[in-house]
Amino acid sequence: MPTMSTIDPLVPLRDRILAATRAAFGDQTADADPALHRSQHADYQADLALALARKLKKNPREVASAIAAELPADDVIAGIEISGPGFINIMLRTEYLAARIEHMRADASGRLGMPPTVRADRVVIDYSGPNIAKEMHVGHLRSTIIGDSIARLLEWQGHTVIRRNHVGDWGTPFGMLIEHLLDERTAGSEAGVRELGAFYRTARRKFDDDPTFADRARRRVVLLQSGDRETLATWRRLIDTSVEHFSQLYAALGVTLAPTDVVGESAYNALLPEVVDELARKGLAHESEGAMCVFPPGFAGRDGEPVPLIIRKQDGGYGYATTDLAALRQRIGELGATRLIYVIGAPQAQHLAMLFATARLAGWTNDRTRLEHVSFGSVLGSDKKMLKTRAGDSVSLAALVSEAVARATQIVAEKSPELPADEQARIATAVGVGAIKYADLANDRVKDYVFDWTRMLAFDGNTGPYLMYAHARIRSILRKAAGAGATAGAITVDAPQERALALALVQFEGILDRAGETLQPHRICAFLYDVATAFSSFYEGCPVLKSEDGVRASRVALCEVAAQTLALGLALLGIAAPEQM
Ligand code: ARG
């Protein structure tokens, strides 16, 4: 048997195909990509011959045949056929496939045979980033959900993950917010701040309608910036109340961000002058119309003029960009990050690209540093416009979560009336939250998606509840098996449905690698859906409990690996997998 250090059969296959290509055509083909994928016609299909034929100016079918001739059947490959214009169809040896699944099952650590990475990064992942004294709304949903699943995945892979919740806790709006909070205190009530949405709107209205209040607010900004004690104390109260609100939401959503991960914009205040000085000293920042600006090459506006990254405004104040530069520098310099991930919506793409360009020019990065913008599209309503409440306000996340759980509560009551009430409640919370998260993660994140309660809560199709249900169903089969004294045993892969299920399962390691590289959780979703549907066909075609001893033991074992795979995959997405539903 080949090395067991990896369960991904694509790794040895890829190696063999590359070796065969080199044997057939020499080193000029060393950079070929075997482009392996699962296919209806074979276990895997490689379609490197077409591209190679173009390069070598040969007939693709002949190229494919020449490679195939160098790929004799061995302990991995059972047989090869050329099909179509030059596809190489590969059938795996059944014993090999069975051994891969055995390897997954034999791992008592729960990692399904996938070892932690040997090349661990120090990852700083910047996500969620709500604003203080504002209610979290749907605009922060995607960053929070996508960011948390990436954090979970990279941590599980063995990287050191440092979460950063870069909350907006500084700037001119704090003048009016603090002033409003002080007014409330004078009036003997601070209750308002607990309703963050209303609190912010009232402060805003006073600022717009009442010139004396606006004046006080502006003076308050100066007091805040100069470090006035009373002002700072009031500001802290706003922060504490808000972080408490965020934490409640994170807990409800099953998001791993802790209050200690909050390192807001204000945390970098002391570093800002230094950052500007350094960039000026290095010849990167210049004065332009009274402001200090960096003009990283390659950024031009519609008019063809270079776009500035403003790092000090005309009035001497610093803004969002300077704070982000200071944070980036600190994340590399002090936190030792080798990979910096920013989970922020697509509209900030240019801001991040300019930030990254500036950091590279300033020499803050090295050969190993990766700077990545994990961009994402918008959440749309059924009218295909940005999701809003009927009144036209942005939808609060707290309201979204309560509605999800309320809807799931009804569904669970209908589907599982036999379960005790507290169990139903637990499942409903898991289903409601899981539905929202999965709907957000399942599509390629750069795309917009339509927020659709009925679809995301459906128990069929590519949804969170479907996968949770698939998992619970396998657990129930396993409980029955245990009750009947049927234990798991050596895996044999005979029936076509068993083979299809095994082929789906063994992709796990490769999928997680790709998802961690590309920071695309939807790859995990597609994989889990593939496993769940393959399991469904398997269970229809291959009786588990009613089959005879050896077959039954093998099928029970396949059920175990399938259940563990779904549970681990869902856990990496941040979705609970109840034992029964
Ligand atoms: N608070 C910002 C917003 O609401 C998001 C912060 C994103 N993180 C960052 N490092 N800029 O849009």
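The values are calculated or read from the model by the stated rules, or taken from the named source; none is laboratory data. Bear in mind the structure is a predicted one, so any value in this text is a computation, not a measurement. Here the Cβ positions follow ideal geometry from the backbone for every residue, glycine too, while neighbour counts run over all protein chains shown.
Restricting segment 514-553 to residues that are in a helix (DSSP H, G or I) and of a type in the set (Asp, Glu), which is modelled with the lowest pLDDT?
Filtering segment 514-553 down to residues in a helix (DSSP H, G or I) leaves 514-518, 522-541, 549-553.
Still in the list and also of a type in the set (Asp, Glu): 517, 530, 540, 549.
Working: GLU517: 96, ASP530: 97, GLU540: 97, ASP549: 90.
This residue is ASP549.
Within segment 319-334, track down each residue that is touching a strand residue (DSSP E or B) at 6+ places or on another chain (Cβ under 6 Å) and either more than 11 Å from the ligand (Cβ to nearest atom) or small (Gly, Ala, Ser) (or both).
Residues of segment 319-334 that are touching a strand residue (DSSP E or B) at 6+ places or on another chain (Cβ under 6 Å), as a first pass: 321-322, 331.
Matches in segment 319-334: ALA321, THR322.
Picking from residues in segment 167-184 that are over 16 Å from ASP228 (Cβ atoms) and in contact with a Ser or Thr (Cβ under 8 Å, 6 or more places away or on another chain), the one that is nearest to the ligand (Cβ to nearest atom) is VAL167. Only a single item in (1) within 16 Å of the ligand (Cβ to nearest atom); (2) of a type outside the set (Lys, Arg); (3) touching a residue at least 12 places away in the same chain (Cβ under 8 Å) is not met by ALA280, and it is number (1).
Residue pairs whose Cβ atoms lie under 9 Å apart, separated by 6 or more positions or on different chains, with the first residue in segment 331-346 and closer than 13 Å to TRP364 by Cα and the second within 13 Å of the ligand (Cβ to nearest atom) and among the β-branched types (Val, Ile, Thr), are ARG331/VAL124; ILE332/VAL124; LEU335/VAL124; ALA337/VAL124; ARG339/VAL124; ARG339/ILE125; LEU340/VAL124; LEU340/ILE125. Screening segment 321-334 for residues that are charged (D, E, K, R) and out of contact with any His (no Cβ under 9 Å at 6 or more places or on another chain) and picking the one that is surrounded by the fewest Cβ atoms within 10 Å (Cβ to Cβ) gives GLU334. Please verify whether ARG479 is out of contact with any helix residue (DSSP H, G or I) (no Cβ under 6 Å at 6 or more places or on another chain) and modelled with pLDDT of 95 or more, treating the condition exactly as stated. Yes.
Residue by residue, here is whether (1) small (Gly, Ala, Ser); (2) buried (at least 16 other Cβ atoms within 10 Å of the Cβ); (3) modelled with pLDDT of 95 or more holds:
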residue: PRO34; (1), (2), (3): no, yes, no
residue: ARG38; (1), (2), (3): no, no, no
residue: ALA46; (1), (2), (3): yes, yes, no
residue: PRO72; (1), (2), (3): no, no, no
residue: GLU102; (1), (2), (3): no, yes, yes
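Considering only residues of segment 216-235 that are over 15 Å from ASP183 (Cα atoms) and not charged (D, E, K, R), which is surrounded by the most Cβ atoms within 10 Å (Cβ to Cβ)? Here the answer is LEU224.
For segment 1-32, which positions are surrounded by 15 or more Cβ atoms within 10 Å (Cβ to Cβ), outside any loop (DSSP other than H, G, I, E, B) and over 31 Å from the mean Cα position of the chain (by Cα)?
The first filter runs over segment 1-32 and keeps only residues surrounded by 15 or more Cβ atoms within 10 Å (Cβ to Cβ), leaving 2, 6-14, 16-18, 20-22, 24-25, 29, 32.
Filter once more, keeping what is outside any loop (DSSP other than H, G, I, E, B): 10-14, 16-18, 20-22, 24-25, 29.
Result: ARG16, ILE17, LEU18, ALA20, THR21, ARG22, ALA24, PHE25, THR29.
Being surrounded by 20 or more Cβ atoms within 10 Å (Cβ to Cβ) and within 11 Å of the ligand (Cβ to nearest atom) is the filter here, so list the residues in segment 335-351 that pass it. Passing the criteria: LEU340, ILE341, TYR342, VAL343, ILE344.
In segment 132-161, of all residues being among the polar types (S, T, N, Q) and touching a residue at least 60 places away in the same chain (Cβ under 8 Å), the one that is farthest from LYS437 (Cα to Cα) corresponds to GLN157.
Residues in segment 162-191 that are under 30 Å from VAL123 (Cα atoms), crowded, with 21+ Cβ neighbours inside 10 Å and out of contact with any Lys or Arg (no Cβ under 8 Å at 6 or more places or on another chain): ARG163, ASN165, HIS166, VAL167, ASP169, TRP170. All of (1) surrounded by 19 or more Cβ atoms within 10 Å (Cβ to Cβ); (2) touching a residue at least 60 places away in the same chain (Cβ under 8 Å) hold for SER536 with one exception: (1). Of the listed requirements (1) closer than 27 Å to ALA526 by Cα; (2) free of Cβ contacts under 8 Å to residues at least 24 places away in the same chain, LEU18 misses just one: (1).
State whether the residues of segment 559-567 include one that is assigned to a loop (DSSP other than H, G, I, E, B) and under 24 Å from the mean Cα position of the chain (by Cα).
Here is the first cut: in segment 559-567, the ones assigned to a loop (DSSP other than H, G, I, E, B) are none.
Looking for residues that are assigned to a loop (DSSP other than H, G, I, E, B) and under 24 Å from the mean Cα position of the chain (by Cα), one finds none in segment 559-567, hence no.
The rows are residues; the columns are (1) of a type in the set (Val, Ile, Thr); (2) in contact with a helix residue (DSSP H, G or I) (Cβ under 9 Å, 6 or more places away or on another chain).
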{"position": "GLN410", "(1), (2)": "no, yes"}
{"position": "GLU414", "(1), (2)": "no, no"}
{"position": "ARG426", "(1), (2)": "no, no"}
{"position": "THR429", "(1), (2)": "yes, yes"}
{"position": "GLY432", "(1), (2)": "no, yes"}
{"position": "ALA435", "(1), (2)": "no, yes"}
{"position": "TYR438", "(1), (2)": "no, yes"}
{"position": "ALA442", "(1), (2)": "no, yes"}
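The strands (runs of 3 or more DSSP E) found entirely in segment 57-152 that carry 1 or more residues being within 15 Å of the ligand (Cβ to nearest atom) and not small (Gly, Ala, Ser) are 122-126. Taken over segment 449-464, the residue count meeting the criterion of being closer than 25 Å to SER378 by Cβ and in contact with a Phe, Trp or Tyr (Cβ under 9 Å, 6 or more places away or on another chain) is 6. Against the conditions (1) farther than 30 Å from PRO115 by Cα; (2) in a helix (DSSP H, G or I), HIS41 satisfies every one except (2).
Among residues belonging to segment 354-373 that are more than 13 Å from the ligand (Cβ to nearest atom) and part of a helix (DSSP H, G or I), point out the one that is nearest to ASP324 (Cα to Cα).
The initial filter retains those residues of segment 354-373 that are more than 13 Å from the ligand (Cβ to nearest atom), namely 357-358, 360-370.
This time we only want the ones that are part of a helix (DSSP H, G or I), so: 357-358, 360-361.
Numbers: ALA357: 13, THR358: 11, ARG360: 14, LEU361: 15 Å.
Filtering segment 354-373 for residues that are more than 13 Å from the ligand (Cβ to nearest atom) and part of a helix (DSSP H, G or I), the one nearest to ASP324 (Cα to Cα) comes out as THR358.
Can you name every residue in segment 431-469 that is farther than 17 Å from VAL138 by Cα and crowded, with 24+ Cβ neighbours inside 10 Å? Correct list: VAL431, GLY464, PRO465, LEU467, MET468.
Cβ-Cβ distances below 6 Å connect the following pairs, each with a first residue in segment 233-244 that is farther than 14 Å from PHE174 by Cα, a second residue that is modelled with pLDDT of 95 or more and surrounded by 13 or more Cβ atoms within 10 Å (Cβ to Cβ), and a separation of six or more residues or different chains: VAL243/VAL262. So in segment 155-191, with the set limited to residues that are in contact with a Leu (Cβ under 9 Å, 6 or more places away or on another chain) and under 16 Å from ARG236 (Cα atoms), which one is modelled with the lowest pLDDT? Per the criteria, the residue is GLU190.
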